[in-house]
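Read-outs throughout are calculated quantities, based only on the coordinates presented, and are distinct from any laboratory measurement. Remember, predicted model here, so these are calculated numbers, not experimental data. In this analysis, Cβ positions are derived from the backbone assuming ideal geometry, glycine residues included, and neighbour counts consider all displayed protein chains.
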Amino acid sequence: MSKKIVIAGAGIGGLCAAVALAKRGFEVVVYEQSQQLGEVGAGLQLSPNAVHVLQALDIADKVKAKAFRPKTAVMRHFRTGKTYFTVPLSDVATEKYGADYLHIHRADLHTVLKQSCEELNVPIFLGQAVQSYHQTPQNLTIQLANGESLEAGLLIGADGIKSKVQACMFGQTPAQFTGQVAWRGVVEANKLAKGLIKPNANLWVGPGKHFVSYYLRGGDLVNFVAVQERSDWQKESWNEPGDINELRDTFSGWHPEVTELLAASEQCFLWALFDRQPLEQWTDQNVALLGDACHPMLPFLAQGAGMAIEDSYALAHCLANNNNTIDALKTYQDIRLTRTRDIQRGARKNASLYHMTSSIERAKLAVLSGLSSIGLSDKVAENKLDSIYEYNIVDRLNSLP
Ligand SMILES: Cc1cc2nc3c(=O)[nH]c(=O)nc-3n(C[C@H](O)[C@H](O)[C@H](O)COP(=O)(O)OP(=O)(O)OC[C@H]3O[C@@H](n4cnc5c(N)ncnc54)[C@H](O)[C@@H]3O)c2cc1C
C-alpha cells in the first residue's frame, strides 16, 4: 500500500494536520474543493488548549504576531451592562495554562498554516474535491469529483461540516436546525469612538439573543458575532451576506457598545446554526475524520477550531508512535472522542443560558449576578472554563506509556 497521506480539506484542521504530519516526516498532500484559499469567516478565539499545539508546531509566535491578546472574558447584561462575571486572560491565562489566549482573524491563521505547509513542501491542490473512497485490505482508492482517482495509504477527512468522507464512511449525520442564526462581521477600529470596545472577549446576553465582540490584528479590527433565535433563515454558509440594517434593528435597545459598533459596520454575513449528534466512531480502517467533519459544534464555547487543532496533533502523534495505521487511528479516536463530545454538549448548553431561555436559566443568571456583587461569580466562571483551557494535548500524549 502507498505510504502517502491524503487530507481532504484545507481548512484550519486540514492544514494543521498537514503541518503536524509533515513535521513528523510523513508524506502528505492536501486536496481542497475551493479554487482559492480565501478570506472566509472572521474572528476566532484560540484558547490556551489550542495554542499549546501551535507552540509544539513552532508556529505560535507567527500566530501571536497577527493576533490580539484580550485582557479578560466578560459577560454582561444586554441593556444595563451589569457584569455577570469577569475571567482574567492575558498574562494571568498565560501563566496559569502555559499558553496564551488569542483572538485571530481566520484568514491570518490560515496564512500562517499555509506558509508552514509550503516550508514543509506539502502540496495543496485547489479546486479538487474529494468525492468518496473505496478500500480493500491492500488498497485505498480516493475518487475526486473531477473523475480522477488516486491511491493512498491513509485518507483524512478534514472536509468540514458537510464532509463527503464522513458521508462515505457511514452516511451523512443528519443536521438539525437549532432555530438560531449567527451574524458576523468586522469593523475597522478607527471607525469607532476610542475606547468604545473594551480590549476583552466581550459577551452580552439578552432574551433570545447574544452578542460577542473582540479585537483582531493587534487591535486594528473589531470582530463581532451576533446570535439570534430565528427560524426563517436556514443557509449554512460562511459567505451568505446579511442585511446590516436588519441586524441593527435586531439589536436596537442594546447597550451602546453593541449598537454603536453595529452603526459603524458596513456589511455582515449570516449563518444558520445546525446541530449534529456526537458520532460514536470516526475511523474506518485506513480512513479517519478530523475537526468539524466528525464533531461540528455550536460556537458558544468558541472551541470548534481549537478541537480541530487538538485533533491534528493527536492524529500525527498516534501515527508516528504506531506502525500499524489501523491501530493508530483507533487510539486517536479513543483519545479524542470523550473530550470533543463533552465540549459539543457544553456548547449546546450555553445557548440557553446566554438567551435566558427558561426560568432555570434566568435563575442561574440571577445567581451569577448576586455572586458578582460579592465578587464570587468570577471564580465560578473560571472553574467552568478551566477544564477546557487547562487541557494540554501535547503533554498528555507525551506522557502516554
Ligand atoms: C459563528 C461562528 C463562530 C465561531 N467561532 C469560533 C471561535 O471563536 N473559536 C473556535 O475555535 N471555533 C470557532 N468556530 C468554529 C470553527 O470555525 C470550526 O469549528 C472550524 O473552522 C473547523 O475547522 P475544520 O478544518 O474542521 O473545517 P472547515 O474550517 O470548515 O474546513 C473544511 C475545509 O474542507 C473543504 N472541503 C469541504 N468539502 C470538501 C471536499 N469534499 N473535498 C475537499 N475539500 C473539501 C472546505 O472548502 C474547507 O476549506 C466558529 C464557528 C461559527 C459558525
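Looking at the square roots a ≥ b ≥ c of the eigenvalues of the Cα gyration tensor of segment 102-220, which shape do they give, rounded for a/c under 1.5, prolate if a/b is larger than b/c, or oblate?
oblate
Test of understanding: in a Gaussian network model of the chain with alpha carbons linked when under 10 Å, which of 351, 182, 381 would top the mean-square fluctuation ranking?
Judging by the Gaussian network model, the answer is 381.
Could you compute Rg(Cα) / (2.2 N^0.38 Å) for the chain, with N its residue count?
Output field value: 0.98.
Take every DSSP beta bridge with both residues inside the chain and express the antiparallel ones as a percent of the total, to the nearest 5.
Here the share of antiparallel DSSP bridges comes out near 75 percent.
Could you size up the charge dipole of segment 151-288 around its Cα centre, putting +1 on the beta carbon of Lys and Arg and -1 on that of Asp and Glu, and report it in debye to the nearest 20?
With Lys and Arg at +1 and Asp and Glu at -1, about 300 debye.
Tabulate in residue order the Karplus-calculated ³J(HN,Hα) for segment 119-128, using 6.51 cos²θ - 1.76 cosθ + 1.60 with θ = phi - 60°, rounded to whole Hz; enter x for Gly and Pro.
Ordered by residue, 3J(HN,Hα) equals 4, 8, 6, 8, x, 10, 8, 8, x, 10 Hz.
Counting other beta carbons within 10 Å of each Cβ, put 103, 134 in order, fewest first. Provide the component values of the computation, followed by the final result.
Working: 103 25, 134 11.
Placing the least packed residue first, the sequence is 134, 103.
Which ³J(HN,Hα) values, rounded to whole Hz and listed in residue order, are derived for segment 188-201 from phi using the Karplus coefficients 6.51, -1.76 and 1.60 in 6.51 cos²θ - 1.76 cosθ + 1.60 with θ = phi - 60°, glycine and proline given as x?
5, 4, 6, 8, 10, 4, 4, x, 4, 8, 6, x, 10, 8
For residue 122, what residues show an amide H to amide H distance below 5 Å, using hydrogens built from the backbone and excluding near sequence neighbours?
The list, which skips near neighbours in sequence, is empty: none.
So if I place +1 on the C-beta of Lys and Arg and -1 on the C-beta of Asp and Glu, and nothing else carries charge, what would the dipole magnitude of the chain be about its Cα centre? I want it in debye, nearest 20. Present the calculation step by step, with values, prior to reporting the outcome.
Details: 39 positive and 41 negative charges, 181 e Å.
The dipole magnitude comes to about 860 debye.
Among all stretches of the chain without exposed trypsin sites (Lys or Arg not before Pro) (DSSP loop, at most 10 other Cβ atoms within 10 Å), which one is longest?
After excluding every exposed loop site, the longest remaining stretch is 4-193.
Across segment 252-257, in residue order, what do the Karplus-derived ³J(HN,Hα) couplings come to in whole Hz, using 6.51 cos²θ - 1.76 cosθ + 1.60 with θ = phi - 60° and x for Gly and Pro?
Computed from phi, the couplings for segment 252-257 are 5, x, 7, 4, x, 4 Hz.
On C-alpha positions alone, give me the angle between the axis of helix 12-23 and the longest principal axis of the chain, in degrees, nearest 10.
50 degrees
Only counting other Cβ atoms within 10 Å, I'd like 168, 294, 318, 16 sorted with the fewest neighbours first.
168, 318, 294, 16
What does the extension gain come out to for residue 244 and residue 134, with contour length at 0.36 nm per residue minus their alpha carbon separation?
Taking residue 244 through residue 134 to full extension adds about 35.0 nm, to one decimal.
Can you find, among 224, 141, 113, the residue sitting farthest towards the positive end of the charge dipole of segment 102-257, where Lys and Arg contribute +1 and Asp and Glu -1 at Cβ?
Positive-most Cα among the choices belongs to 224.
Using Cβ contacts closer than 10 Å as the measure, can you line up 386, 100, 378, 311 from fewest to most?
Ranked by crowding around the Cβ, least crowded first: 386, 378, 100, 311.
Which of rounded, prolate, oblate describes segment 29-129, given a ≥ b ≥ c as roots of the alpha-carbon gyration tensor eigenvalues and a/c under 1.5 marking rounded, otherwise prolate only if a/b is larger than b/c?
Numbers: a/c = 3.57, a/b = 1.77, b/c = 2.02.
Oblate, because a/c is 1.5 or more while a/b does not exceed b/c.
Between the helical axis of 359-373 and the dominant principal axis of the chain, each derived from Cα atoms, what acute angle in degrees is found, rounded to the nearest 10?
70 degrees
If each residue of separation counts as 0.36 nm, what is the full-extension length gain between residue 357 and residue 193 once their alpha-carbon separation is subtracted?
55.7 nm
If I stretch the segment between residue 107 and residue 366 completely, what's the gain in nm (0.36 nm per residue apart, minus their alpha carbon distance), one decimal?
Numbers: separation 259, 0.36 × 259 = 93.24 nm, distance 3.86 nm.
Working it through step by step, the gained length comes to 89.4 nm.
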